[in-house]
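To start, the structure itself, in structure tokens.
The values are calculated or read from the model by the stated rules, or taken from the named source; none is laboratory data. Quick caveat: nothing in here was measured; it's all calculated off a predicted structure. Backbone-built Cβ (ideal geometry, glycine too); neighbour counts: all protein chains shown.
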Amino acid sequence: MLPIIWLLGTSGVGKSTVGYRTLTHLATAGVTAAFVDADQLRLASGTRATEADLIAAALPSLIHNYQAHGAHALIVAGLLDDTDHLTRLLPDVERSRVLAIHLEADSDTIRERVDRRGWLTELADDAVDYAHRIAPELADLRLNTTGRTPTELADHVTDAALTHIQQTSSGHLATPARRPPTTATPPRRLVVITGPGGVGVSTAGFQTFSLLARAGEPVGYLDAHQLGFLGRHVRGDHLGPLRAANARAVAGCLAHGGAATVVITGDPRTIALLLDAQHEDPDSGDSPALFWLDASAAALAERITARAQGGGPVIQGDHRLGLTNDALADAIAAAVHESRHDPRPRGARTIDTSDLDQRQIAEKMISSLA
């Protein structure tokens with residue numbers, strides 16, 4: 001079983017940002033680690049399963065898949081209240097294999113960060129209240145993030161993680177994680193969305209999930225890109241099989257938890273592998289509703305430039321953030337080339353998103369499902 005480094009704390013303390021940076025810091029130190037934000041495993045509405053149920057159901061498969069692809073440790077960013085909560089989320093993992101690191105901040109800092117993030121800002125006071133409910137004895141290490149950069153914090157987490165990995169491994173590779181018994185259920189309706197880089201696949205997918213949820217549909221959502229963070233180079237095609245395997249596992253857990261519809265977004269390579277596995281599985285259910293989002297060269301350039309300048313929601317592993325000049329021009333050219341030349345999945349319905357906002361894109365996809 002992999003050593004696990006679990007970053008806990010309330011919303012706004014930087015769990016995901018620090019966790020992702022720790023991934024690259026560990027790679028520099030010669031340790032191939034995986035990273036997952038537990039929030040990515042619980043995006044569901046109208047299901048009988050709780051958020052904790054969904055996370056606990058998905059983690060064993062992810063641990064197995066990460067280790068099968070070369071991970072020597074797993075970093076998790078997610079809420080934890082107390083030791084019982086940790087046991088519910090990782091029932092088959094010995095407590096000694098989990099390094100629990102509590103990231104904390106003062107109340108004013110938490111409110112300011114939630115407001116600056118720009119989404120769910122109305123929950124800033126709830127985040128402050130939750131911070132006071134976390135059991136102090138849960139943490140093996142506590143780090144105050146007030147006035148400290150994510151890089152500084154990742155340095156501290158990396159040092160602690162290296163010690164933990166050495167102690168739990170005792171000089172030997174971890175015992176391979178057993179593949180968990182199959183409890184996954186194929187969703188009655190699977191909506192798969194892909195397209196060229198920069199077109200806005202994940203944003204449109206989340207908007208589709210949100211609209212279906214507001215309509216009362218038991219629905220789940222996952223972004224396959226967020227399930228493939230391993231080692232230093234997290235965007236390579238070599239991780240396509242990992243992203244596809246994890247997406248398939250999480251989709252099955254969402255459906256088993258009561259989601260009648262599961263929306264999946266991902267890059268074309270990952271989606272192709274996911275669909276291949278879907279076709280080979282006799283118990284996979286009906287064929288998915290498959291969409292290819294396209295856009296004009298001008299629209300792609302506008303969207304990628306906006307992302308480079310920090311527009312839109314925070315996305316871990318966003319390689320376009322901060323791009324300028326030649327690097328930005330190269331990213332735009334690659335997206336335009338992908339739009340024009342990459343083979344689109346067979347049976348995909350193409351939607352030209354050039355003149356549409358994300359809600360309009362989602363509404364167009366939903367209307368075609370009826």
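Restricting attention to segment 314-337, the residues that are over 23 Å from the mean Cα position of the chain (by Cα) and at negative phi add up to 11.
Does residue 317 fit the bill of being over 18 Å from residue 225 (Cβ atoms) and outside any helix (DSSP H, G or I)? Taking the combined requirement at face value, the residue does not satisfy it.
What do you reckon, is residue 242 part of a helix (DSSP H, G or I), surrounded by fewer than 24 Cβ atoms within 10 Å (Cβ to Cβ), at pLDDT 95 or above and among the aliphatic types (A, V, I, L, M)? No, not satisfied. Say whether the condition of being within 29 Å of residue 18 (Cβ to Cβ) and in contact (Cβ under 8 Å) with a residue 12 or more places away in the chain is met by at least one residue in segment 338-356. No, because not a single residue in segment 338-356 is within 29 Å of residue 18 (Cβ to Cβ) and in contact (Cβ under 8 Å) with a residue 12 or more places away in the chain. Of the residues that make up segment 98-105, is at least one at pLDDT 90 or above and charged (D, E, K, R)? Taking every residue of segment 98-105 in turn, at least one turns out to be at pLDDT 90 or above and charged (D, E, K, R).
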